[in-house]
Amino acid sequence: LVAAALASSAALAAGGVAVARHEATRVRYERASARLGEPGYDAARSDALYARALDHRRWAARAGWLAGIGLAFVVLAIGLRRAPGGSPASGPDAPARALLSALVDAGLLLGCLLAIELGREALGAPHAALAALVGPALGGALVGGLWGGMAAGGTPAARLLGVRVCDRDGRAPGARRGLLALLLWPFVLPWTPLVAPWVAWRRARGRPAPLGAAAPHLRWAGLRVVARGRAGPIRLDAGRDAG
């Protein structure tokens, strides 16, 4: 955690220097290019300033990606240290809520990515280096949040909906299984809306749908949905069809 925090901080600091240099070089370039067509206009100097601004933007982008990787591990470590919160699901609700949480997480992810892209467009060319630094850094923190949540037993949407996941021994999935489930998640998203009516029908009848149908990425990662009742934790086996 400390090493990742230091690495991401160093990358952000280096990226900040590149952003400042890009801003200054961009101002000088705009002043030089504004004299186009006037006596004494130096085309070579203008081109050199433009190329230098591009170099600073590339360095800012590299720093942003390094910071994003570091922040992903920082947020992952924080997520692993946090205990799951929220009210747990019960019985037939667990697979249905696991399916719903996958859709909600997808919506949150797309919304955040859209906000980052809109912010980048709003900054425009004069602040392109700042966008190149901040965008990957925020993206890395977002991925780390999803990864850390899954590794600790539930993504943000899963916690909100009361879903818990664990391995076959009842422990939190951990970084490896959490990453595997996260990597498999995009491949099952097209299937999720198709199976949702059937899962809801099973839930209405009090018969939980098989986890392999409701949330196959969890089953393929060797995970189980956990519900807690008054008698203690109830594990819904991922490898066994209910009903």
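All of the numbers you see were taken from the coordinates with simple rules; none came from a lab. Bear in mind that the values here come from a model prediction, so they are computed numbers and not experimental data. Don't worry about glycine lacking a Cβ; one is built from the backbone with ideal geometry, like all the others, and counts go over all protein chains shown.
Exposure proxy ranking for VAL134, VAL2, VAL225, based on other Cβ atoms within 10 angstrom of each Cβ and starting from the fewest, stands as VAL2, VAL134, VAL225.
For CYS112 and LEU189, what does the FRET efficiency come to when R0 = 25 Å and r is the distance between their Cβ atoms, rounded to the nearest 0.05? Before the final figure, lay out each step's value.
Working: r = 16 Å, r/R0 = 0.64.
Efficiency at R0 = 25 Å is approximately 0.95.
Using C-alpha pairs under 8 Å with a sequence gap of at least 6, the mean separation divided by the residue count of the chain gives a relative contact order of 23 percent. A convex hull fitted around the alpha carbon atoms of the chain yields 131 Å³ per residue. Positive contributions from Lys and Arg (+1) and negative ones from Asp and Glu (-1), summed over other residues with Cβ under 15 Å from the Cβ of ASP47, come out at +3.
Which of HIS56, HIS127 comes first, and how do the rest follow, when ranked by fewest Cβ neighbours within 10 Å? Please report the intermediate quantities before stating the final value.
Numbers: HIS56 22, HIS127 17.
If I rank by nearby Cβ atoms, fewest first, I get HIS127, HIS56.
Computed from backbone phi, the HN-Hα couplings of region 162-174 come to x, 8, 10, 10, 8, 7, 5, 9, x, 9, 4, x, x Hz, rounded to whole numbers (Karplus: 6.51 cos²θ - 1.76 cosθ + 1.60, θ = phi - 60°; Gly and Pro given as x). Counting neighbouring beta carbons within 10 Å and listing from fewest to most, the residues LEU133, LEU36, LEU108 come out as LEU36, LEU108, LEU133. Take the Cβ atoms of ALA44 and VAL17, set R0 to 25 Å, and the FRET efficiency comes out at 0.45.
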